[in-house]
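The values are calculated or read from the model by the stated rules, or taken from the named source; none is laboratory data. As the structure is a prediction and not an experimental result, all values here were calculated from the model. Counting neighbours? That spans all protein chains shown, and the Cβs are built from the backbone with ideal geometry, glycine included. Side chains included, ligands, DNA and RNA excluded: accessible areas come from the protein's heavy atoms. Shrake-Rupley method; radii C 1.70, N 1.55, O 1.52, S 1.80 Å.
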Amino acid sequence: MRKHIVVASLIHGESDCVREFLLSLMELEQNDLKVTFLFIDVSDCTEVRHLLQEFRKKEEHCHIYMYPDLSHPERQLEKLINHTLQYDCEGALFLVSDILMHPLTLTHLLSTNQEIVASIVWKEREGIKQPNIEASTVGKVPPLKRKGIYEVNTVADCIFVKRSVLDQGILFTTENQTIVYSSTANQVDLPVFVDTNYPCYALKTKQDLQGVLEYKNDCRADMVQDPEEITISLCMIVRDEERTLERCLSSIEDIVDEIIIVDTGSTDKTIEIAKKFTDRIYTYQWIDDFADARNFSFQFATKEYILWLDADDYLTEENVEKFKRLKCSLNRSYDAVSMIYRLDNDAFTFRKHRLIRRSPHLRWKGFVHEYLEVHGNYLHSEIEVQHKKVKEITDRNLQIYNKYLKEGRQFTAPDYYHYAKELRQHQLYEEAIYYFQKYLNTNQGWKDGNIYACIRISECYQLMFEFERALEFAFQTFAYGLPEPEACCRIGNIFIRDRIFPRAAFWFERVTKMDLNHILDSYTEQSIWNWYPHLKLFTCYASMNEMDKAQYHITTAYTKNPTNPVILKNLETFKRVVLQV
């Protein structure tokens, strides 16, 4: 019979930090355990509530309670313990929601067989890592940076307690949203231990998000247990790709174990090129449905994981080496691996799940701009896939959408979203606004999609010279998340147009201070958060006759993009007119 463990947490903090916390819970090694997740949401935050609901969809045993009464944290903790006692469990792991769990923390805490044992959580304070336990320990101060299990007086943040102790009654205290257990406060003769083998990572501030990737890389190194590397099937759908297919396959052939090419009607040398790399070539009768073609290609895969690419994608030598290291080290507990996708000569970046565990339930959806619904344990890798299109943009996708709309096919929220993007790309701005709003009105969108839709509506109104509506939808992005660089820049540009330079400067300054990790995970043109706001701040401060600030920003813009003709022209003018050099 499997051991039943409750993982219980008070949920609070910034939504970006809570998202990382929940992702770390989904990656916990559970082995033969039955794990029930119990959350009390004290955040009173719509985005956090949405994250918890999405988590519940993916985890079979998950219960969420809402008590957004932050003025009585002790009562919230009491409710958490009382709810936990309702379960027939072997013990409970009590957590704060501003940490990242190591995938092996839970199983290792149980393996210690201690009645009260906590995982160490290293917190960054003034550049120095400090543990989440009291300096006073039992006997001499233990070497906490050395892996081991040590007896202490006080533990916090990530505490496992056996059921027998819970039934006796246990007193936690809470300090600054931290769960603390002290043997002194409980007045019981029970030893308390801290386990330093698989430390957790503290997310006490948004700045701590910058260390998440490094921490996850360390976790991956700990998880290297499989003696053999994973096997990979590459699955591609192609049509008339003679100009790019060889570049793609040449970059990936040494990594994958089989290559599957599905041709959807090529009339050029695509198949001839594909035969240089594989004999697994299949013909698909095109029916204006990209998801159906992708699913057709996936059915021929025989390896453990499937990698999918388009013909105009490729990997640089650096990323080939990263991929090879991942293949050797990937723990088979992961169901999907995301990779950074770089578009248009590095102008845009965002993430896609590229490597997915093969499963009969794995299905593509969406007849255009198809997508995979991936569930389970995810790994965010540093591998970058480059996308360099050589074909001209056509109205093929737009025609497919128009065809299905005319036929009365039911559109999903993603269908409305991508149809609107196609309309906007073809300068059909009124229609684009209409379908972006239909997408938003479904209330079935996702955070980044909602923000992007509002930004594009704002852009369309601006191109139609309806600046008040443009400003309205740029501000509406804030209803879905933190201010995004492009939304702030659009607001700033409208204020520049109206010659309200102090307000414009406020919004461009916000962009220069944004968290880089947050930006890199969203779909954002890199210039928007790199050199562009500094160029605009130069315009603002020069117009306000604040020349020191103007000089700083035009110099910064030049440092970030020394070949941009607009920057060069403004810098030259500033030197000649203001500095007189």
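Things worth noting here:
- From GLN444, GLN462, residue being touching a helix residue (DSSP H, G or I) at 6+ places or on another chain (Cβ under 7 Å), over 18 Å from THR412 (Cα atoms) and either without any contact (Cβ under 8 Å) to a residue 12 or more places away in the chain or of a type outside the set (Val, Ile, Thr) (or both): GLN462
- In region 276-306, residue most open to solvent (accessible area, probe 1.4 Å) [restricted to those that are of a type outside the set (S, T, N, Q) and either touching a His at 6+ places or on another chain (Cβ under 9 Å) or free of Cβ contacts under 8 Å to residues at least 24 places away in the same chain (or both)]: ASP279
- Residues that are closer than 26 Å to PHE348 by Cα and either loosely packed, with under 15 Cβ neighbours inside 10 Å or within 23 Å of the chain's Cα centre (by Cα) (or both) within region 389-411 comprise LYS389, VAL390, LYS391, GLU392, ILE393, THR394, ASP395, ARG396, GLN399, listed in sequence order.
- Conditions (1) within 25 Å of the chain's Cα centre (by Cα); (2) in a helix (DSSP H, G or I): number failed by ILE230: (2)
- Test: residue in region 196-214 that is β-branched (Val, Ile, Thr), in a strand (DSSP E or B) and closer than 30 Å to SER119 by Cα: yes
- From the list ILE120, ILE149, ILE128, the one residue that fits, being modelled with pLDDT of 60 or more and farther than 27 Å from PHE39 by Cβ, is ILE149.
- Selected residue [surrounded by fewer than 24 Cβ atoms within 10 Å (Cβ to Cβ) and at positive phi] from PHE501, PHE465, PHE506: PHE465
- Filter result for the condition that a residue is modelled with pLDDT of 95 or more and under 27 Å from the mean Cα position of the chain (by Cα), over PHE478, PHE538, PHE508, PHE501: PHE508
- Checking PHE160 against (1) within 30 Å of CYS328 (Cα to Cα); (2) at pLDDT 85 or above; (3) open to solvent by less than 40 Å² (accessible area, probe 1.4 Å); (4) not β-branched (Val, Ile, Thr), the condition it does not meet: (1)
- Members of region 546-562 found to be touching a Cys at 6+ places or on another chain (Cβ under 9 Å) and open to solvent by less than 60 Å² (accessible area, probe 1.4 Å), listed by number: ALA550, HIS553
- Members of region 60-84 found to be farther than 15 Å from VAL180 by Cβ, at pLDDT 85 or above, touching a helix residue (DSSP H, G or I) at 6+ places or on another chain (Cβ under 8 Å) and surrounded by 15 or more Cβ atoms within 10 Å (Cβ to Cβ), listed by number: CYS62, HIS63, ILE64, THR84
- Qualifying residue in region 314-333 (condition: of a type outside the set (Val, Ile, Thr) and within 19 Å of HIS418 (Cβ to Cβ)): no
- Of all residues in region 25-40 being in contact with a Pro (Cβ under 8 Å, 6 or more places away or on another chain) and within 21 Å of LEU209 (Cβ to Cβ), the one that is least open to solvent (accessible area, probe 1.4 Å): LEU28
- Subset tally (residues that are open to solvent by 10 Å² or more (accessible area, probe 1.4 Å) and farther than 24 Å from LEU330 by Cβ) for region 232-262: 8
- Residue list for region 340-370, filter: buried (at least 18 other Cβ atoms within 10 Å of the Cβ) and out of contact with any His (no Cβ under 8 Å at 6 or more places or on another chain): ILE340, THR349, HIS353, ARG354, LEU355, ILE356, ARG357, LEU362, TRP364, PHE367, GLU370
- Single condition LYS204 does not satisfy, out of (1) open to solvent by 10 Å² or more (accessible area, probe 1.4 Å); (2) more than 30 Å from VAL152 (Cα to Cα): (2)
- Breaking point among (1) assigned to a helix (DSSP H, G or I); (2) over 30 Å from HIS380 (Cα atoms); (3) open to solvent by 60 Å² or more (accessible area, probe 1.4 Å), for ILE273: (3)
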